[in-house]
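So the structure is just underneath, and the comments pick up after that.
The values are calculated or read from the model by the stated rules, or taken from the named source; none is laboratory data. In this text the structure is predicted, and so the values were computed from the model without any measurement. When we count neighbours, we look across all protein chains shown, and the Cβ atoms used for this are built from the backbone with ideal geometry, even at glycine. Just so you know, the surface numbers come from the protein's heavy atoms only, side chains and all, with ligands and any DNA or RNA stripped out. Shrake-Rupley method; radii C 1.70, N 1.55, O 1.52, S 1.80 Å.
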Amino acid sequence: MELAYIPSPSRGVLYLGPIPLRGYAFCIIIGVFVAVWLGNKRWIARGGRAGTVADIAVWAVPFGLVGGRLYHVITDYELYFSPGRDWVDAFKVWQGGLGIWGAIALGALGAWIGARRRGIPMPAYADAVAPGIALAQAIGRWGNWFNQELYGRETHVPWALHITSSEGGRVPGYYHPTFLYESLWCIGVALLVIWADRRFSMGHGRAFALYVAAYCVGRGWIEYMRVDDAHHILGLRLNDWTAMLVFLAAVAYIVVSSKKRPGREAVVEPEAVSEAAGETPDPADAEEKPEPEEKPEAEENPEAEEKPEAEEKPEPEAAEQADPAEAKDEPESATKKS
């Protein structure tokens with residue numbers, strides 16, 4: 001018996017009356033909230049509006065869940081469509097099985113739709129949410145702990161994971177907690193992206209590409225330790241090949257983008273810029289403009305009323321004074337002419 005180990009939960013679901021509360025689902029939900037919270041802070045720091053990240057996440061999260069499930073079902077189709085299996089289980093997301101590759105790919109499509117509707121550049125949005133996504137993955141991996149899944153080879157290290165369930169072909173014993181390794185790795189990736197973004201002012205999607213590349217490095221060696229069933233190509237698990245290809249693509253994007261678009265976007269949300277420019281004048285206009293308009297009217301009206309009086313009164317006086325003078329001048333002028 002091991003003296004030190006990580007225990008597995010006796011069950012991954014609690015019931016609140018007829019409502020099941022699943023640990024796997026809670027981990028995903030908490031991860032989404034953390035990603036949106038951190039992404040919102042970073043987006044505001046880049047000059048965007050509060051709430052924009054959450055609005056786009058409404059598109060990205062559902063797409064990501066569907067994409068993650070599709071990738072898992074396609075790459076492990078025998079679990080659902082082989083003889084003796086029930087294809088309906090492919091829809092039971094709460095039982096586990098979300099592929100990060102599909103989640104990021106289809107989630108990016110949903111984010112692109114949301115960003116396009118808001119007139120926001122997709123690369124800038126991706127840069128803002130990149131470390132938050134890594135933290136969401138770190139939290140989400142604990143859902144595997146609740147389900148007693150995705151562990152590594154048998155080991156006797158003090159932090160070994162004790163698997164107690166024998167369902168689904170599991171063999172009780174002590175194994176490498178690969179879910180924990182990946183969780184810690186994702187936290188490191190998030191910190192790396194935050195540091196690099198501050199240090200190098202990464203823009204145009206390069207911060208997101210750094211997250212992808214750094215995650216792939218960790219996923220490669222962690223995937224190599226896992227013992228769950230998977231397709232193999234030339235002796236390597238399918239996800240190892242996927243990690244290598246995605247890593248190369250992310251690094252290539254960083255290099256090419258740095259040459260073509262150096263620096264960072266000056267404006268990430270045009271509406272926020274226009275609002276910032278119009279925030280100070282608008283309230284002032286609303287308060288000051290009516291006042292000067294009303295005051296001049298109140299001042300001008302009396303002047304308008306007084307002026308005619310002042311003009312009308314002097315005119316007859318001037319006329320009266322001018323008549324005798326004219327009367328006197330006319331004879332004089334007449335005599336002079338004569």
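Of the numbered criteria (1) of a type outside the set (Ser, Thr, Tyr); (2) modelled with pLDDT of 95 or more; (3) closer than 27 Å to SER10 by Cα; (4) open to solvent by less than 30 Å² (accessible area, probe 1.4 Å), the one ILE139 fails is (4).
Are any of the residues in region 122-132 touching a residue at least 24 places away in the same chain (Cβ under 8 Å), within 18 Å of ASN239 (Cβ to Cβ), open to solvent by 40 Å² or more (accessible area, probe 1.4 Å) and in a helix (DSSP H, G or I)? No - not one qualifying residue is present in region 122-132. Might you check whether a residue that is more than 30 Å from ALA130 (Cα to Cα) and among the aliphatic types (A, V, I, L, M) occurs anywhere in region 168-178? Within region 168-178, one or more residues are more than 30 Å from ALA130 (Cα to Cα) and among the aliphatic types (A, V, I, L, M).
Look at region 174-197: where a residue is open to solvent by 30 Å² or more (accessible area, probe 1.4 Å) and a partner is of a type in the set (Lys, Arg), sitting 6+ places away or on another chain with Cβ atoms under 7 Å, you get HIS176/ARG153. Among the conditions (1) within 18 Å of ASN147 (Cβ to Cβ); (2) of a type in the set (Lys, Arg); (3) part of a helix (DSSP H, G or I); (4) open to solvent by 30 Å² or more (accessible area, probe 1.4 Å), the only one that ARG11 does not satisfy is (3). Quick check on region 62-82. Is at least one of its residues part of a helix (DSSP H, G or I) and of a type in the set (Lys, Arg)? Within region 62-82 (the criterion being part of a helix (DSSP H, G or I) and of a type in the set (Lys, Arg)), the answer is yes, since at least one residue qualifies.
Scanning region 213-253 for residues that are part of a strand (DSSP E or B) and under 20 Å from VAL189 (Cβ atoms) gives a single hit, ARG226. Determine whether ILE139 is touching a Cys at 6+ places or on another chain (Cβ under 8 Å) and more than 23 Å from ARG237 (Cβ to Cβ). Yes, satisfied. Screening the candidates TRP101, TRP94 for the property of being assigned to a helix (DSSP H, G or I) and open to solvent by less than 40 Å² (accessible area, probe 1.4 Å) yields one hit, TRP101. Just one of the listed residues (ALA249, ALA214) is farther than 30 Å from THR155 by Cβ and modelled with pLDDT of 90 or more, and it is ALA249.
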